[in-house]
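For reference, the structure is listed below as C-alpha cells.
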Amino acid sequence: MKPWAQSRQRQAQPRAYDERCCLRAQEAYRRGDLAGAEFAYRQAVAAGTKIGDAYNNLGALCEKRDALDEAVVHLEAGLRVAPQRSDLRENLQIVLRRRVVARSAGQEFAEVAVDRARLAALEPDTPNVWHDLGAALDRAGRPLEAVAAFREGLARAPRSAALHNDLGVVLMKLGDGPAALAALESALAADPTLFEALVNLGVLLGRMGKVGEAAAALRRALARDPRSASVHWNLANALREGGDLPASLRHYETALPLVDDTPRRLACLSAYLLTLNYDDTSDADAVALAHRRYEAEVRARAGAPVAVRPRDPRAERRLRVGYLSPDLRQHSVAYFLEGVLAGHDRAQVEVTAYADDHMEDGTTVRLRALADRWRNVAGISGEALRAIIAEDGIDVLVDLAGHSSANRLALLATRVAPVQVTYLGYPNTTGLSQMDVRITDEVADPEGAAAARHSERLARLPGGFLCYTPAPEAASLPPAGRAQGRPFTFGSFNQIAKLSPSVIGAWSDVLARVPGARLWLKAKGLDDDATCADVLRRFAAAGVREDRLTLVGYVHSKTEHFQAYEAIDLALDPFPYNGTTTTCEALWMGVPVLTLAGAAHAGRVGASILARVGLPSLVALTIEAYVATAVRLATDAGALAELRRGLRDRLQGSPLMDRARIGHALEASYREAWRRTIAADA
C-alpha cells in the first residue's frame, strides 16, 4: 500500500478533537504501538473527521492484520470525504484485489463479482478491469451482466482482442451463436495470433455444425501449441461430430495425459467415453471397462464418497425426487422427460428440477410448469449444488446427463443424495459405484451380460424406459404421405458421428441392390462444405455415386424439419449407436424405421422403441438381415404401405406415449431403490 501518510498539522490552537486523535495515532505508530494507533484513528473516524489520512491509515492498519472487510469500509469512507485523494483510491484497489483472491479461493463468486464491480468503478478506463468484472459475473452465474461488462470495456477499448474473446465465450454459453461468432472474429481481426480466440472459434464452429471449419481453426491453434490439451480435446470433439472416429479417439488419447486440473481432466475423459459408444470397432465389454476408469480418477483426485443418510427413513412416505440436467430446453432429453414429469403421481413424489444451463426456451417453460420446484443451478460450484440439494431434502436424485457434456458426475461420485439414479441422457454405465440405479428395459439391456457391464443396478421398466412427447410443431402436422413418381428414398436424420464405417458399408450395399434408389441424409453439419465433401468421399469409396445422395444441413424451423420426412420412404437407423429422438420423430411422421439390434444399450434402443409399437419385423439381428429387409421393403410397395398405414395411431396407442405408465413405473423403481437404501441404513 501507499507509504504511511502524515496528517497535516494546523498552526491554529487549540486543535480539534479529531486532529488530536490523529496526532496520538501518529505518535503510537512511531513507537511501534499499532494497536494504539488503530484505536486513536478509530476515535477520529467515529468523530466524523474530514481528515483523509485518518481513513487511509486506519485502512492500512486493518489491511496489515488481514482485516480486509474493515479496510474496505474505511478506505471507501475516506474517498467519500476526500474523493480527490489518489492514495486512498490506490490503496482501496490493493485491498479489493487481495479480497478478490481470498474470496475466489473460498469460491465466494457472488462476492467476487461485487468487488470486481467496485474496481471497475475505480478504474473505468482500464480494459483489464472490465475483463475481470465480466469473468467474475460469469462465474457467479450472471452471464447477461458479464456480457454488459465486456461491452462496456469494448466501448472504451474497441480494439481489445481479449475483451472480444471474453464476450464471445459468454455469448456461446448463452446460445447466441451468431453474436459469439462476430465477437470471436473481431478478436482475431484485432490479433490474428490470439491463441484462445482460435480455440474458442473452433469450439463455436463445431457447436454450430461447421465441423470442417472448426477442425481447420483448431489445427491452426495446434500448430501454435502442439501440446495444448484443450486443442487436442476440442479437435477430437469436432472430428467425432464429423464422423472421423479413429482420429477423434487419437486426439482424446493425446489430450488426456496433458490435462492438468481435475475438472477438465474428468470432462475430457467423459468426452472420450461418450465417443467410444459411436465406435463400431469397440468391444462392449472393453467399453464398459473403460468407464470404470472414471471412478478411479475421481477417487484419486477427490477422495472417498461421503455418507448421505435419509432424513426421514419411512419407506412409504412421499418421496422428494430431483432431476438434474444441463438439457432442460429444446433437446433430445426433454422430449422424453416432459412425459415423465407430467405422468408423475404427486401423491407419490414431489419433483424438483435442477436446470444446469443458462439457456432457456419454450421447452424450458413447459418443463418448469410441470415441476413442483425449479432451481437454476447453472455455473455454481459442486459444493454449492450439494448444499442446495441437501437443503431441498432430496431423497432420489436422477442424473439425466451421464457422460454427455456439462455433466456433474464428478460431484455425484462423492454422493449427494441417499439414492442416485441415472436415466435418459447417456446410453451406457456411468462407471460409478455411488450411482445406485440405471433406468432401462429388458430389450435395451437384456438379462445376462448387461448387468456385468454396469456399476449400477439395472432397473428394467415394464413397457420400456422411454416416453415420447412430440414437439409442439409436429403435433399439428399430418403424417407424411408416400410421394408418387419419384425414386424410392431411404433416409436418416441422425448426426454424422453415427455414420460408422459399418453403416456406410451397409447403406451402400442397400443402394447397390436397389437400382435407382436414393439416400437422403439430414444432419447438423451437412451445410459445411468440408463435411459434405468428406461424407461424399466415404460413400464414393463404398461405390456410391454422388447423384444418389441428398445431403441437407440443419433446418432452424422445427416445422420444416418435420415436413422433410415427406421425402423419406423408409428411415434407416444407424449402428452401433442408434437414434432415439430421430426414430420417434420418423414414426410420428408416419415413416417406418429399420434398425439393427446390437450388443449394448446404444445399439438396442431402436429395438426397444419398435418393440413398444409392435413392429418386431423392423428389427434385424445381423447386418445381412438389415440389408435384406431394406431391399425387400424398397421393392414391395404393398408391404411398405401396410407398415405406414396407421403408424401414428399405433405410436399414440403404445406404451411409448403412455405418460401414466412411465410415471408409475419410475415411481415403483424409485420406491424400490429407496427401500433398499433405508434397509441398508437401518
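Brief remarks on what is shown
- Selection from Ala25, Tyr577, Tyr294, by position along the positive dipole direction of the chain (Cβ): Ala25
- Annotated for the chain: lysine pairs at least 8 residues apart or interchain, Cα distance under 17 Å, count 8.
- Gyration tensor verdict on segment 348-414 (Cα atoms; rounded if a/c is under 1.5, prolate if a/b is larger than b/c, oblate otherwise): oblate
- For the chain, the longest principal axis of the C-alpha atoms and the axis of helix 229-241 are separated by about 30°.
- FRET efficiency, 1/(1 + (r/R0)^6) with R0 51 Å, evaluated for Arg299 and Glu546 via beta carbons: 0.50
- Loop trypsin sites (Lys or Arg not before Pro), segment 543-648 (other Cβ atoms within 10 Å of the site Cβ: 10 or fewer; DSSP): Arg545
- Cα-centred dipole magnitude for segment 1-151, charges only on beta-carbon of K, R (+1) and D, E (-1), debye, nearest 20: 440
- The calculated FRET efficiency for the pair Arg659 and Ala286, based on their C-beta separation and a Förster distance of 60 Å, comes to about 0.95.
- Global form of segment 541-651, assessed from the alpha-carbon gyration tensor, a/c cut-off 1.5: rounded
- Share of carbon and sulfur in the accessible heavy-atom surface of the chain [1.4 Å probe, %]: 53
- For Ala157, net neighbour charge (Lys/Arg +1, Asp/Glu -1) across residues whose Cβ lies under 14 Å away: -3
- Inter-label distance for Glu76 and Ile94, nm, one decimal - labels placed 7 Å from Cα along Cα-to-Cβ: 2.0
- Correct choice for semi-axes √(5λ) of the Cα gyration tensor in Å that was computed from the model, options [x] 47, 33, 27; [y] 51, 34, 22; [z] 58, 30, 21: [z]
- Dipole magnitude (debye, nearest 20) for the chain, charges at Cβ of Lys, Arg, Asp, Glu: 1060
- Net charge of the neighbourhood of Asp312, taken over other residues with C-beta under 13 Å away and scored Lys/Arg +1, Asp/Glu -1, is +2.
- Within the shell defined by Cβ-Cβ distances under 12 Å, the residues around Ala607 carry a net charge of -2, with Lys and Arg each +1 and Asp and Glu each -1.
- Added length on full extension, which subtracts the Cα-Cα distance from 0.36 nm per residue, Arg368 to Thr559: 66.4 nm
- Projecting label points 7 angstrom from Cα along Cα→Cβ for Ala406 and Ser104 puts them 2.5 nm apart.
- Of the residues Leu201, Ser160, Ala182, the one whose Cα sits farthest towards the positive end of the charge dipole of segment 141-231 is Leu201 (charges of +1 on Lys and Arg Cβ, -1 on Asp and Glu Cβ, taken about the Cα centre).
- Between Ala47 and Phe195, residue separation times 0.36 nm minus the direct Cα-Cα distance comes to 47.8 nm.
- At a probe radius of 1.4 angstrom, the accessible area of the chain per residue rounds to 40 square angstrom.
- Under 18 Å from the Ala452 label point (7 Å along Cα→beta-carbon), backbone N, segment 427-444: 429, 431
- Helix 161-173 vs. the chain, principal-axis angle (Cα, 0 to 90°, nearest 10): 50
- Separation of the Glu383 and Arg311 label points, Cα + 7 Å toward Cβ, nm: 2.1
- Ala16-Ala148 FRET efficiency (beta carbon distance; Förster radius 45 Å; 0.05 resolution): 0.50
The values are calculated or read from the model by the stated rules, or taken from the named source; none is laboratory data. Predicted, not measured: the structure shown is a model, and the values here were computed from it. All Cβ positions, even for glycine, are placed from backbone atoms using ideal geometry, and neighbour counts span all protein chains on display. The area values use the complete protein model at the heavy-atom level, side chains included, leaving out ligands, DNA and RNA. Shrake-Rupley method; radii C 1.70, N 1.55, O 1.52, S 1.80 Å.
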